[in-house]
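*Asks:* I have a structure here, written as C-alpha cells, and I will follow up with some questions on it.
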Amino acid sequence: MINVLFVCLGNICRSPVAEGVFRDLVEKRGLQNAIRCDSAGTSSYHIGTLPDRRISQIARQRGLELTHCARKLSGDDFYQFDYILAMDESNFEDIRNVSYRSSGFYFPEGQLYLYREFDQLAGEVLTVPDPYYEDIAAFEDVYEIVERCGQNFLDFLVEKHQL
Ligand code: 4NP
C-alpha cells in the first residue's frame with residue numbers, strides 16, 4: 001500500500017480538494033487497493049471542520065463530494081505516509097521543520113514534493129495559490145490545477161511502483 005498525504009495551511013481548501021480529486025482518479029484506474037490518500041494542514045485554525053463551502057461547491061458541480069474533516073499535520077504522519085505533497089513553498093518548509101522537530105529527521109527528498117512539480121502547465125512558480133481570500137474564480141483555478149497534478153502524480157506512482 002502506498003500512502004499519500006496532501007498538505008496545505010488550513011486543510012479546508014487546497015489539500016482536501018487535492019485529496020478528493022486524487023482519490024477519484026485512483027478509483028477510476030482501479031488502484032484503490034494500492035494507493036490510499038489523506039490530507040492535513042500545517043495550522044490548527046480549522047481543526048474538525050468540513051472543507052470551505054466554496055471549494056465544496058466547485059467540487060460538487062463536477063460530481064465530487066468533499067467529506068474530509070480538517071486536521072493538523074502530526075509527527076506520526078512522517079511514519080504513516082510514503083509521499084507528502086505540499087501545496088506551496090511555505091507548506092513545504094513547515095513540513096520539513098515539523099518532521100525534523102517531531103521525528104528527528106527531515107522527511108526524505110524524493111518523498112516530499114511541491115504538488116505543482118506535477119503540473120505540466122506550471123510556470124516558474126510551483127505554487128497552488130491560496131484561494132481563501134480570493135473570489136470563486138480562484139477556487140476554480142485550484143480545482144483545475146489539482147486535477148492536472150493528480151493525473152501526472154498518479155502516472156508517476158504507477159511507473160515508479162509498477163502498479
Ligand atoms: P487552505 O486555505 O490552506 O488551502 O486550506 C486557507 C484556509 C484558511 C486560511 C488560510 C488559507 N486561514 O487563514 O484561515
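The values are calculated or read from the model by the stated rules, or taken from the named source; none is laboratory data. If you're wondering where the values come from, they're calculated on a predicted model, not measured in any experiment. Cβ atoms come from the backbone with ideal geometry, glycine included; neighbour counts cover every protein chain shown.
*Asks:* Return the pair list, or none, for Cβ contacts closer than 6 Å from residues in the range 67-89 that are closer than 13 Å to Ser39 by Cβ and among the hydrophobic types (A, V, I, L, M, F, W, C) to residues that are more than 12 Å from the ligand (Cβ to nearest atom) and part of a strand (DSSP E or B), at least 6 apart or on different chains.
*Replies:* What qualifies is Phe81/Asn3; Phe81/Leu5; Ile84/Leu5; Ile84/Leu112; Leu85/Tyr113; Ala86/Leu114.
*Asks:* Still on this structure, please answer the following. Suppose the filter is surrounded by 14 or more Cβ atoms within 10 Å (Cβ to Cβ), β-branched (Val, Ile, Thr) and not in a helix (DSSP H, G or I); does Thr127 pass it?
*Replies:* yes
*Asks:* Looking only at residues in the range 85-113 that are within 17 Å of Glu19 (Cα to Cα) and away from the ligand (no atom under 14 Å from the Cβ), which one is farthest from the chain's Cα centre (by Cα)?
*Replies:* Gln111
*Asks:* Then there's this: Looking only at the range 114-140, count every residue that is within 22 Å of Gln61 (Cβ to Cβ) and more than 12 Å from the ligand (Cβ to nearest atom) and tell me the total.
*Replies:* 6
*Asks:* Going by the conditions given, is Glu117 within 15 Å of the chain's Cα centre (by Cα), of a type in the set (Asp, Glu) and surrounded by fewer than 18 Cβ atoms within 10 Å (Cβ to Cβ)?
*Replies:* yes
*Asks:* Also, quick follow-up: Tell me yes or no: at least one residue of the range 36-53 is under 27 Å from Glu159 (Cα atoms), over 14 Å from the mean Cα position of the chain (by Cα), away from the ligand (no atom under 13 Å from the Cβ) and not basic (Lys, Arg).
*Replies:* The answer is no, given that none of the residues of the range 36-53 is under 27 Å from Glu159 (Cα atoms), over 14 Å from the mean Cα position of the chain (by Cα), away from the ligand (no atom under 13 Å from the Cβ) and not basic (Lys, Arg).
*Asks:* Of the residues that make up the range 13-29, is at least one more than 12 Å from the ligand (Cβ to nearest atom), within 23 Å of Tyr100 (Cβ to Cβ) and modelled with pLDDT of 95 or more?
*Replies:* The first filter runs over the range 13-29 and keeps only residues more than 12 Å from the ligand (Cβ to nearest atom), leaving 20-29.
Filter again for within 23 Å of Tyr100 (Cβ to Cβ), leaving none.
Within the range 13-29 (the criterion being more than 12 Å from the ligand (Cβ to nearest atom), within 23 Å of Tyr100 (Cβ to Cβ) and modelled with pLDDT of 95 or more), the answer is no, since none of the residues qualifies.
*Asks:* Applying the selection to the range 16-60, what residues are of a type in the set (Asp, Glu) and within 22 Å of Ala86 (Cβ to Cβ)?
*Replies:* Within the range 16-60, Glu19, Asp24, Asp38, Asp52 meet the criteria.
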